[in-house]
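J.: One structure follows; several queries about it will come next.
The values are calculated or read from the model by the stated rules, or taken from the named source; none is laboratory data. Fair warning: this is a prediction, and the values are worked out from it, not measured in the lab. For neighbour counting, all protein chains shown are included, and Cβ atoms are generated from backbone atoms with ideal geometry for every residue, glycine included.
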Amino acid sequence: MRRPPHRAAAPDTAAPGGPAAGLRHAALALTVALAVAVGGSACTPGTPDGTDPPTPSTDASSTPVFPRTEVAPLVDAVTHRTVKPLATKRLAGGLVPPTNRWFSGLVFGEQPQPVFPLPLSFGLTGKGFAFGQPTVTTTAKNIAGGFKPDVDVDLGAASTVVSGYDALTVTLASTDTGGKVLGHTTIAEGSPFVTYTAAEAGTLTSALPFTAEGDHFTATAGGVGYGLVVHDGSVENGTVALEQDGTATFFVVPADGSAAALAALAADPVTGGSLGYAVDGDEVSTSLTYTTGGRTAFAAMPHQQATLDPALACDLGTYPSIYGTLKVCSGTTLAWTVPRSPATGELDLGALDADERTELATQVEADVEATPAFPADTYFGGKALYRAAMLYRLARQLGEEDAAARIKTRLTDTLAQWTDPQGCATRTSFCFVYDEQAHGLVGLTPSFGSDEFNDHHFHYGYFLYAAGVLAQDDSELATRYAPVMDLLAADLASSAGNGAFPDQRVFDAYASHSWASGTSPFADGNNQESSSEAVTAWTGLALWARASGNAGLATEADWLLSSEAHSGLAYWTNVDRGQPVYDGFDHQVVSLNWGGKRDYGTWFSAEPAAMLGILVIPMSPASTYLAGDPAQIEANVAEATSGTFDQKFGDYLLMYSGLAGEEQRAAALELARGLDARWIDDGNSRAYLLAWLMSVQAD
């Protein structure tokens, strides 16, 4: 499976106002209810004039993952090099560059790009900002909700930079031509509010005339109602005069809601946010808290709505979105639960009969013998390590000790190169460097834009998976690999504000999934294609955490894995056809999700098999999360294959089809035995393909 960097040719649709059609683009034994609160206070230093922005103090992690004292010596020990400079043109000094975020487009690139803090779209302008509720439209292959600048606010600014961010919010500092801060604007995921706080007395203007309605103001643009609440200031038509520290809070009014109800909640502006998560038995929970002086309003996404606290008031109306109808709730905390998805690194071969074990043993020997040289780049190299690790586990389970020893030698020799902290001081591949400018680890040779932080979870997840599998019964290997493997894990999953890496680089807690593009140079926001490789990344993280004895990381990995698996089903493979947003969408899966649109398309192929294949690869032992809806699986497979598995991704689609039922599993196993070798992916082997279909328990 080959993907170009995240700025290559794209699906054949683009959101209105978006780019041209071509630009598409857990300790092992967990205590009951082990909860972790994660904050982003390390990401909110002073603004350009030296004052503190009106951003939150956030909760410190009760179980910090990779604190500074742990990470700093590891960073110091590895070779330092900037492989590809990233221009952080709109980022305040002292902040860790926010790659792979929903708001990365505000920071990187020559010009700022729109971002999508649902239910809003938001963008920077030459003198301020603009925002609006996206207009959602659906076609056969695309669901679009691009940037809609209904409310354009002129702050009189010469420049605006991101001056603070946390798990929920972003604060922007706007300055005049002399560099003096005029004020700060705060936006938040899930929040209908945009708040500007004046650093000194001044005015802001909008061409949209706001009229008084009691203690708030309203206006209409493009058929959508907007509201405004002002503290320590006055409004006249589209001009707002604010005293120093005065605030103007704009908001979108739900079509089935009340401006007055939202205005009452806008009285206490959101100033920041914090994240908490817990792993409790078979459930994983997430809680997002909005920092405010009172109650606020926030929108719950479809994947959150079924498990919201019944006591939470969600009676303020609804907003449309490309992901489905959002329910507007009031309070300070949005919390929900999802089923826990287990992180496992091996198949259960206990039910195989003697003939099946013999067949597998023969195939394992053949596949070990045929294992080619490992690629030098981080994506294909990582996949090859994962493939070999799966063969190693199969060989051990089947008692094929000679084959196990041979493939383990290959693995350990190659991983010894990759995990040499100073490897890049003497060679140009099979090694990692620390990029001081971007605050992250980059593998040499980079691929698919990994040097600009594209797809790090996809790449590094395979390394962590392979190392976790090897080290689970070899503590010496865990110790040997830790100096670099812990850096790979920290690159993805730090949560302690260590300053060397951003907290949870790729993961968006509100959306419950990751973002793949490092700098997000797109008018449709950030994007993610392979939800399944994201799940594999967190599975690998959990396996490495267990093998290396990092209990806090193991808990975090369980949360990440379960959250990503749940959202992967909700928005990629098993979409809810009861949501009106899918009316007119003619396909079973959504293969590429963005902030401002969703596509039936991939970065690398127009074939239907690719649309589903990229959402199930690599069918690891943890991929059973894809089971549970046999009819949906059958429909997905039928659309993807048109009845034939003799094509690219045919191996993975056979494995996926086996989750639909016993009859489908047996049929897939027979087909897998005769599948032409050219249709077995370079991250897979026939032995693992057969073992999966022999052992999987279909629902």
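J.: In region 569-587, how many residues are assigned to a loop (DSSP other than H, G, I, E, B) and under 22 Å from the mean Cα position of the chain (by Cα)?
T.: Initial filter on region 569-587 (assigned to a loop (DSSP other than H, G, I, E, B)): 574-579, 583-587.
Within this subset, residues satisfying the condition of being under 22 Å from the mean Cα position of the chain (by Cα) are 574-576.
Count: 3.
J.: Of the conditions (1) buried (at least 24 other Cβ atoms within 10 Å of the Cβ); (2) out of contact with any Gly (no Cβ under 8 Å at 6 or more places or on another chain); (3) aromatic (Phe, Trp, Tyr), TYR652 clears all except one; give me its number.
T.: Condition (2) is where TYR652 drops out.
J.: With respect to LEU492, is the statement that it is more than 13 Å from LEU560 (Cβ to Cβ), aliphatic (A, V, I, L, M) and not assigned by TED's automatic domain parsing to the domain that holds HIS80 true? Spell out how you get there, then give the answer.
T.: Values: more than 13 Å from LEU560 (Cβ to Cβ): no; aliphatic (A, V, I, L, M): yes; not assigned by TED's automatic domain parsing to the domain that holds HIS80: yes.
No; evaluated as a whole, the condition is false for this residue.
J.: Related question: Taking region 653-687, which residues are within 20 Å of LEU349 (Cβ to Cβ), in a helix (DSSP H, G or I) and within 28 Å of the chain's Cα centre (by Cα)?
T.: LEU654, MET655, TYR656, GLY658, LEU659
J.: Same structure again: Which pairs turn up if I take residues in region 209-231 that are over 15 Å from VAL194 (Cβ atoms) and outside the structural domain of TYR319 (by TED's automatic domain parsing) and look for partners that are buried (at least 18 other Cβ atoms within 10 Å of the Cβ) and at pLDDT below 95 with beta carbon separation below 6 Å, at least 6 apart in sequence or on another chain?
T.: Between residues of region 209-231 that are over 15 Å from VAL194 (Cβ atoms) and outside the structural domain of TYR319 (by TED's automatic domain parsing) and residues that are buried (at least 18 other Cβ atoms within 10 Å of the Cβ) and at pLDDT below 95, the close pairs are PRO209/GLY238.
J.: Within the bounds of region 156-167, is there any residue that is over 22 Å from ALA207 (Cα atoms), assigned to a loop (DSSP other than H, G, I, E, B) and at pLDDT 95 or above? Can you show your working first?
T.: The first filter runs over region 156-167 and keeps only residues over 22 Å from ALA207 (Cα atoms), leaving 161-167.
Those left that are additionally assigned to a loop (DSSP other than H, G, I, E, B): 166-167.
Retained after the next criterion (residues that are at pLDDT 95 or above): 166-167.
Yes, that holds for at least one residue.
J.: Looking only at region 49-92, how many residues end up being over 30 Å from ALA551 (Cα atoms), surrounded by fewer than 17 Cβ atoms within 10 Å (Cβ to Cβ) and at pLDDT below 95? Reasoning before the result, please.
T.: First, pick out the residues of region 49-92 that are over 30 Å from ALA551 (Cα atoms): 49-55, 81-92.
Now restrict to residues that are surrounded by fewer than 17 Cβ atoms within 10 Å (Cβ to Cβ): 49-52, 81-82, 84-85, 87, 89.
With at pLDDT below 95 added as a condition, the list becomes 49-52, 87, 89.
Going through region 49-92 one residue at a time, the tally reaches 6.
J.: Shifting gears a bit: Those residues that are of a type outside the set (S, T, N, Q) and in a loop (DSSP other than H, G, I, E, B), I need them from region 410-462; list them, please. Let's see the steps before the verdict.
T.: As a first pass, look at region 410-462 and keep what is of a type outside the set (S, T, N, Q): 410-411, 413, 415-416, 418, 420-421, 423-425, 427, 430-436, 438-444, 446, 448-449, 451-453, 455-462.
Within region 410-462, ASP420, PRO421, ARG427, PHE430, GLU436, ALA438, HIS439, PRO446, PHE448, GLY449, PHE453, ASP455 meet the criteria.
J.: Can I ask one more? Among the residues of region 149-180, write down those that are farther than 21 Å from PHE108 by Cα and either crowded, with 19+ Cβ neighbours inside 10 Å or within 30 Å of the chain's Cα centre (by Cα) (or both).
T.: ASP150, VAL151, ASP152, VAL153, LEU155
J.: Is it true that GLY123 is within 30 Å of PRO320 (Cα to Cα) and surrounded by 23 or more Cβ atoms within 10 Å (Cβ to Cβ)? Spell out how you get there, then give the answer.
T.: On the way: within 30 Å of PRO320 (Cα to Cα): yes; surrounded by 23 or more Cβ atoms within 10 Å (Cβ to Cβ): no.
When the stated conditions are applied, GLY123 does not pass them.
J.: Condition check: buried (at least 24 other Cβ atoms within 10 Å of the Cβ), touching a Lys or Arg at 6+ places or on another chain (Cβ under 9 Å), within 23 Å of MET301 (Cβ to Cβ) and of a type outside the set (Val, Ile, Thr). Does GLY146 satisfy that? Lay out the reasoning, then the answer.
T.: Working: buried (at least 24 other Cβ atoms within 10 Å of the Cβ): yes; touching a Lys or Arg at 6+ places or on another chain (Cβ under 9 Å): yes; within 23 Å of MET301 (Cβ to Cβ): yes; of a type outside the set (Val, Ile, Thr): yes.
For GLY146, the condition - buried (at least 24 other Cβ atoms within 10 Å of the Cβ), touching a Lys or Arg at 6+ places or on another chain (Cβ under 9 Å), within 23 Å of MET301 (Cβ to Cβ) and of a type outside the set (Val, Ile, Thr) - is met.
J.: When only residues in region 318-358 that are among the small types (Gly, Ala, Ser) and part of a loop (DSSP other than H, G, I, E, B) count, which is surrounded by the fewest Cβ atoms within 10 Å (Cβ to Cβ)?
T.: GLY350
J.: If you don't mind, there's one more thing I want to ask. Quickly run through region 394-405 and pick out the residues that are surrounded by fewer than 24 Cβ atoms within 10 Å (Cβ to Cβ) and in a helix (DSSP H, G or I). Break it down into steps so the answer makes sense when it comes.
T.: From region 394-405, those surrounded by fewer than 24 Cβ atoms within 10 Å (Cβ to Cβ) are 396-405; that's our starting set.
Selection gives ARG396, GLN397, GLU401, ASP402, ALA403, ALA404, ALA405.
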